[in-house]
Every structure is written in C-alpha cells, then in structure tokens.
Amino acid sequence: MGSMDAARAMTGFFDAPVRGKNLDDLRRANLSTALGLIHAAGSISRADLTRSMGLNRSTIATIVADLEARDLIVVGEARDTKRIGRPSLEISTSVRHVVIAVNPELDATTLGIVAMGGRVLREVRMEHERPPTAREVVNSVRALVAGMQPELGERHVVIGVALAVPGLVSAVDGSVRLAPHLGWVDEPISAMLADALGVPAWAANDASCGVVAEVLFGAGTGSGNVVFLNGGASGIGGGIVAEARLIQGRGGFGGEIGHTLVRTDGAACRCGSQGCLEAEVTRRALLEAVDLGVERSHELEALLAEAYVDRDDVRALLDAQLASLAVALRTIINTLNPEVVVLGGFLEILGRIGGERLERMLRADALPGPAEQVRLQGARLGRMSLLIGAAELAFRPFLSDPIAVPVAAGRASLADLG
Ligand SMILES: [Zn+2]
C-alpha cells in the first residue's frame, strides 16, 4: 500500500466515510476523499492531489474551490519551483476550524488548540499537586478557553472539545468507565464538557488517540499495522491499528497493553491484578533510581544514559524493565504481526538507551516471521500525539462529510463563554 492509499484508508479511523450513490453523494464522497488527503498530507500540490484521486483536472478544480469556499483549505503558491512547466498550486489545510484537545494526567493537564493537518497551534500545561477530579478538569478547561476567547473568537471556529484520557473510555458516549490513576470511576466527562463549553465533546483512551496520530502524521505514516505504547506518568497505554483500523473492541476498551501479564509473581497493579506491564515498568522507578523529582523529569534521559554505564544498580533496573517490556512486545508481535511498534513517553527513553538489547531479546523470543517484519520506532510527534489524536475525534465529521460543515459557523461559537 502506497503512503497516499494508506492516508486515504486512515481518514476513516473512527468512522466509515460516505459512499457515493447519486450525484450529490458522489460530490460529498469526492470532497471527503480530497479533504482527507489534504488533511493527512498537511500540504499537497494540486497535481499530486489530482494524481492521487484519479479524477480530471476540472473536477479537481471544482472540488478545491468548494473546499476553499468552506474555509477548510487554503490554496497558495507552488512550493516546488524547480519543476518544468506551469507550477502547480499548493493546497494546505486551513486553521479556521480548531478543536480544543485536552489530556488530563496525574501531574498536569495539557490543553491544545489543534487545527486540521495535525497542527497544534497552541499548547498550555497546567501543573497540579494531586490528580484532578473530572469536575476540576472541566472547570480548568472552561476557564482557560474563556481566557483565550478574544483570540479564539476572531481567528477560529471551535468545532468541539476532545479528550485523551489515561483509562477506559466508552466508545458509545465518551464517558470514562475507569481511569485508575486519576481515581475516576464512571465519569460522564464528555457530557460535562459539552455542557460547560456549549460545543460537541468527545473522549477516547489516550494511547488510542496516540496511535491514530502517529499513523496519520508520525512514525507510523504509510502503514496500516501499527502498535503504540505510551509510557506516561500514570502508567502505560496501548493503542492498536490493525489492517488500517483502530482496534477498540466491543465497548471501546480494547488495546490495554499496559495490563498484559509480564510476571506471574510480579508487583501489584492499580487495576487490582498483579504482574502487569505497567506495574513492572514504571517511570517512577526510573526517576527514583537517579534521584530525580517529577518536576525535573525532562532530565531523566540524560541522567539515565550516564548511570546505565556507570552504575550497576541502575543498569540492573533498566535491564529488568527492558526484559519486561520485551515480554509484552513478544506477545504483541506474535499476536498482531505489526509493521511498526511506536514507543512514546518514558518508553521511548528506555528504547533509546537499551534499544539494541531490546531488539536482540525480541529477535530471540518472538516468532521468526513477525519478528523479522517489525521495526521499533520512537514516537515522532512526542507528547503532541495525544492531543493531535484526540482532535481527530472531532474532525471526523468534517472529513467524512465536508458539506455538513457550517459555512462561517455559528453553532460552535464560544462567544458567550466566560
Ligand atoms: Zn494492571
């Protein structure tokens, strides 16, 4: 599958795209496909768009004009001036429509203003001493958005708010069934946010958001078989894309690789079980090993890399964590035969320091076919992946049916807020 085909397949992540029956349906389907391609590419020449869609130039011109009139794209000068002949126009996603993406975590809540094309226009981080309640998250988001209102209202239309939650999120109504580290049980967080902000709200598991973002815009681009493992302050999240589909399972709770068993006599896990990957492989243990407080966690990699060489106790700890990670990865690789395993957060640090050791263990322990076909990669979008993936939840109605997007919308205005 070429990267364009992969991008096209990916735009249907959380929902099926519209299919053409009559002329109007066909127009909607063409607009959806074109916008999906531009969204995935961020920026694409009109010539490339024409080639990818296999339509004639005048049809493409009509589609582009239509999307431009809806403020969904911006058409500008050609990027490539070296080409012979008339330069093609360059088409980019517009920043007019934005999503407020939120990622509540143990130590901080991050809020991002995200535009199409995976562009984070602004990021605000609110530190907290203890895990926030759902109500506190809603109140802080409301206050922050109210503070940004003059700027937001002038330049952007907020189409929705989307949460990446470290826990089990219902695919039906976006409520949180369980977020053990935040201490949330049955919190209707999407409904609460929609009420507070007056815009549609969505929520999904954080690593599911992460895998969607990495496949669309990051380390998994061009592949339909990607597993994302994110090491956060509150444990390890997992997101699975198999055969170009996000695997969510019956209720949206699938992909919890953090709770896969790696040691039968292992440490107690917050989920109530024991020996789970996230109970054995923790950021806290790594921070403690190099006497680092949470507030200086950005120094973790440099200190660990040094201590891995100089200190036996730190090397033993890291090697034990790498071995546990290898057990979990072996199960994933043998079960799903992924092309790319993306490691994010502190797992990316583990991978960079002990990557060779990790790969050696995988080659020795996983089945030969799947082991040969997989590659380990660091998350290319860094901590932005969760925000970008969450925003994708809200952009999906745009992508599946751009005609339904209100022209110069009023529906999603936040003007009354604050
Ligand atoms: Zn567990």
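The values are calculated or read from the model by the stated rules, or taken from the named source; none is laboratory data. Computed from a predicted structure; not experimentally measured. Every residue, glycine among them, receives a Cβ derived from its backbone with ideal geometry; neighbour counts consider all protein chains shown. Remember, those area values only see protein heavy atoms, side chains included, never the ligands or the DNA or RNA. Shrake-Rupley method; radii C 1.70, N 1.55, O 1.52, S 1.80 Å.
Within region 263-285, residues that are free of Cβ contacts under 8 Å to residues at least 24 places away in the same chain reach partners that are open to solvent by 30 Å² or more (accessible area, probe 1.4 Å) and within 6 Å of the ligand (Cβ to nearest atom) with beta carbons closer than 7 Å, at six or more positions or on different chains, in the pairs 269/259; 273/259; 276/259. The set of residues in region 228-242 being closer than 12 Å to residue 328 by Cα and within 14 Å of the chain's Cα centre (by Cα) consists of 229, 238. Considering region 216-233, the residues that are touching a helix residue (DSSP H, G or I) at 6+ places or on another chain (Cβ under 6 Å) and of a type in the set (Val, Ile, Thr) include one that is nearest to residue 343 (Cα to Cα), namely 227. Taking the criterion of being outside any helix (DSSP H, G or I) and either among the hydrophobic types (A, V, I, L, M, F, W, C) or over 28 Å from the mean Cα position of the chain (by Cα) (or both), the residues of region 275-319 that qualify are 276, 281, 290, 291, 292, 311. If I filter region 150-170 down to residues being touching a residue at least 40 places away in the same chain (Cβ under 8 Å) and in a helix (DSSP H, G or I), which single residue comes out as least open to solvent (accessible area, probe 1.4 Å)? Going through the qualifying residues, I end up with 152. Condition check for residue 251 on (1) more than 10 Å from the ligand (Cβ to nearest atom); (2) in a loop (DSSP other than H, G, I, E, B); (3) buried (at least 16 other Cβ atoms within 10 Å of the Cβ); (4) in contact (Cβ under 8 Å) with a residue 40 or more places away in the chain: one failure, at (3). Taken as a whole, the condition of being hydroxyl-bearing (Ser, Thr, Tyr), in contact (Cβ under 8 Å) with a residue 40 or more places away in the chain and not in a loop (DSSP other than H, G, I, E, B) applies to residue 331.
Scanning region 256-274 for residues that are surrounded by 16 or more Cβ atoms within 10 Å (Cβ to Cβ), assigned to a loop (DSSP other than H, G, I, E, B) and modelled with pLDDT of 90 or more yields 256, 260, 262, 263, 266, 269. In this structure, residue 127 does not satisfy being in the same structural domain as residue 201 (by TED's automatic domain parsing), open to solvent by less than 30 Å² (accessible area, probe 1.4 Å) and of a type in the set (D, E, K, R). Of the residues making up region 43-58, those that are in a helix (DSSP H, G or I) and either free of Cβ contacts under 8 Å to residues at least 12 places away in the same chain or under 15 Å from residue 78 (Cα atoms) (or both) are 46, 47, 48, 49, 50, 51, 57, 58. Here residue 283 qualifies as within 16 Å of the ligand (Cβ to nearest atom) and farther than 18 Å from residue 227 by Cβ. In region 364-378 there is at least one residue that is among the basic types (Lys, Arg), exposed (fewer than 15 other Cβ atoms within 10 Å of the Cβ) and in contact with a strand residue (DSSP E or B) (Cβ under 9 Å, 6 or more places away or on another chain).
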